[in-house]
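Engineer: The structure's right below; bear with me while I get my questions together.
What follows is calculated from the coordinates using simple rules that are stated; it is not laboratory data. It should be emphasised that the depicted structure is a prediction, and the values quoted were computed from it without experimental measurement. Every residue, glycine among them, receives a Cβ derived from its backbone with ideal geometry; neighbour counts consider all protein chains shown.
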Amino acid sequence: MSMVNKIIRSVETRIGFNMFIQFNSLSISSVRTLDQDWRAKKGLTKNPNAFGALTNLADYTFLDGRPTPYGIRQKTRINKQINYAQRIKKLISEVDYAVERHNKKQKEMEERRNSIISNKLKPKGDLLLEKSDKN
């Protein structure tokens, strides 16, 4: 049994897979087949097939200039990106509306506060009569 453990450890260090030993058999499972740390350091996506020239561009072009038809699931990817863009635009407009509304409410409250203060500080009685005599 110790020989099997040594073999598994040497294979695990060479390949980088996670390996498990079951009671009656040897079971090998690869959790990550791609080196994700290297991809993260290089600024690449986790899935290399999700984005790129091979995924987004046409497989071929016509020599006479005709447009090429969309590839497999390319139309669905395009529609998904259009939906993302529309949703982002909608959410940004909602945030802009909320900011404008908040600023407008703050301005209205400030005007209301100023009007209350200006109404409270009016001269009354004898002072009002003295001012009207001067004019």
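Engineer: Can you run phi through the Karplus equation (6.51, -1.76, 1.60; θ = phi - 60°) for segment 78-88 and list ³J(HN,Hα) in whole Hz, with x for Gly and Pro?
Structural biologist: 5, 4, 5, 5, 5, 5, 4, 5, 5, 5, 4
Engineer: Near Gln74, within a Cβ-to-Cβ distance under 12 Å, what is the net charge of the other residues, with Lys and Arg +1 and Asp and Glu -1?
Structural biologist: Value of the local net charge: +3.
Engineer: Also, quick follow-up: Across segment 98-110, in residue order, what do the Karplus-derived ³J(HN,Hα) couplings come to in whole Hz, using 6.51 cos²θ - 1.76 cosθ + 1.60 with θ = phi - 60° and x for Gly and Pro?
Structural biologist: Taking θ as phi minus 60°, the curve returns 5, 5, 4, 5, 5, 4, 5, 5, 5, 5, 4, 5, 5 Hz for segment 98-110.
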